Amino acid sequence: MGARPDLPSCWLRCLGLIACVLLLGACSRAEVFHHEAFVFGTRVDVAVYADDQAAADAAANAVLREFDRLHRAYHAWEPSELTALNAAIARGEAATVSAELAAMLKDAQRIAAISDELFDPALGALVALWGFHSDTFVPLRPDPARLQALLDARPRMADLVIDGNRVESRNPAVQLDFGGYAKGYALDRAAAILKQQGVRNALINIGGNVLALGKKGDQPWRIGIQHPREPAPLAAMPLYDGEAVGTSGDYQRYFMLDGERYAHLLDPRTGQPAHGTQSLTVLVTPGSAAENLGSEGTGTLSDAASKPAYLAGDGWREQTRRFGIEHALRIAGDGRVEVTRALRARLQFLGPVEPRIVD
């Protein structure tokens, strides 16, 4: 038998091996890589949790390219496939659209029907009349006669006739605006691209519309819900794999006139900016509401379903029930906080808030 090595040299070799293992572990330790851009008229952030920055960068850049494509394809007032369709509708003509746009229109029709047309992307002409087809808002009320004429014309998503890729409208007053739909659709596209790129853990944020993939290490992702009147979050909550949060509020796209706030969220019944709610947030979980309704996904539905609930005012809970959504939060016009029991169990309020629980 050979000579037994002395104990201290064994220790040294073991310590050296442990140090190498620890060093390798440190080099491959996962972290969050953020990728930001400005698109859809807001700031977007794609946060990828990974141990390979090059792969994370490649996947996030693919998402940002897709966001840019969607922004250009479905812009409501700059030349796009959507404005070309609007021009054809105004002329009383049918148009051939992409398969993607045809599918989006069908999905938007379903959501509009469920909401009794409170969700109504056919109101692009009304949005333009109020001056919101611009990156800057001029504080002016629309001409009352033009506003009444548009209300009398009553453009609705139900006016569209979609046959394969052929789209026409029974009502030439229909002008499409995907401002209440496109961000959610983009969230779902981002999730699909990240998965194709091998990313399993990420958080996509488009101006407060958020979708989570996987988790951040051994913890779920955490997000804040913006206070509509303060420059700080009202509450924080965990967000789990496949879940999406959408918020409609009067605090981003609006103008002030004679001491009154006029937000871009327009009520199709009155033609006026809705009052009575400061913000309305919904959380959509996978495998439930979105799939049952045939929607594109949790991101799309979280964006679209927050709009009719916001416009419904005190009737917000009935609207969220229609979409099978059990997690919702409303800040009323007077600052009252109302929250469903399911979402209250998730929320951590970051101040002295006493919410009213709504079943």
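Can you run phi through the Karplus equation (6.51, -1.76, 1.60; θ = phi - 60°) for the stretch 257-262 and list ³J(HN,Hα) in whole Hz, with x for Gly and Pro?
8, 6, x, 10, 8, 10
Where does the chain land at 222 nm, in deg cm²/dmol rounded to the nearest 500, when only DSSP H runs of n ≥ 4 count, each adding -39500 (n - 2.57), divided by all residues? Please list the in-between numbers first.
Numbers: 11 runs with 128 residues, N = 359.
Calculated from helices alone, the mean residue ellipticity at 222 nm is -11000 deg cm²/dmol.
For H275, H133, what's the largest-to-smallest order of accessible area, 1.4 Å probe?
From most accessible down to least: H275, H133.
Give the lysines reachable from K106 as a straight Cα distance under 19 Å; neighbours fewer than 8 places away on the same chain don't count.
Here the lysines satisfying the reach criterion relative to K106 are K183, K307.
Could you let me know the centre-to-centre spacing of the stretch 30-108 and the stretch 290-359, using Cα atoms, in angstrom?
Taking the Cα centre of each part, the stretch 30-108 and the stretch 290-359 sit 26 Å apart.
Compute, for E100, the solvent-accessible surface of its heavy atoms (probe 1.4 Å) with the complete set of protein chains present, and express it in square angstrom to the nearest 10.
That residue has around 40 Å² of solvent-accessible surface.
Counting only heavy atoms of the protein chains, get the accessible area per residue of the chain (1.4 Å probe) and round it to a whole Å² value. Show your work: numbers first, answer last.
Values: 16990 Å² over 359 residues.
Normalised by residue count, the accessible surface of the chain is 47 Å².
Once Lys and Arg get +1 and Asp and Glu get -1 on their Cβ, which of L329, A99, V161 lies farthest toward the positive end of the dipole of the chain?
It is L329.
Evaluate the relative contact order of the chain (contact order divided by residue number), counting alpha-carbon pairs under 8 angstrom at least 6 apart; express in whole percent.
On the way: 676 pairs, mean separation 53.6, N = 359.
For the chain, the relative contact order is 15 percent.
Express the carbon and sulfur contribution to the solvent-accessible surface of the stretch 43-175 as a percent, rounded to the nearest whole number, probe 1.4 angstrom.
After summing per-atom areas, the C and S share lands at 51 percent.
Quick one: Karplus J couplings for the stretch 58-64, per residue in order, coefficients 6.51, -1.76, 1.60, θ = phi - 60°, nearest Hz, x for Gly and Pro?
Along the stretch 58-64, the couplings run 4, 5, 5, 5, 5, 5, 5 Hz.
The values are calculated or read from the model by the stated rules, or taken from the named source; none is laboratory data. Note that the coordinates shown come from a computational prediction; the quantities given were computed from them, not determined experimentally. Cβ sites come from the backbone with ideal geometry, for glycine too, and all protein chains shown count toward neighbours. To get the accessible areas, we keep the full protein, side chains included, count just its heavy atoms, and leave off ligands, DNA and RNA. Shrake-Rupley method; radii C 1.70, N 1.55, O 1.52, S 1.80 Å.
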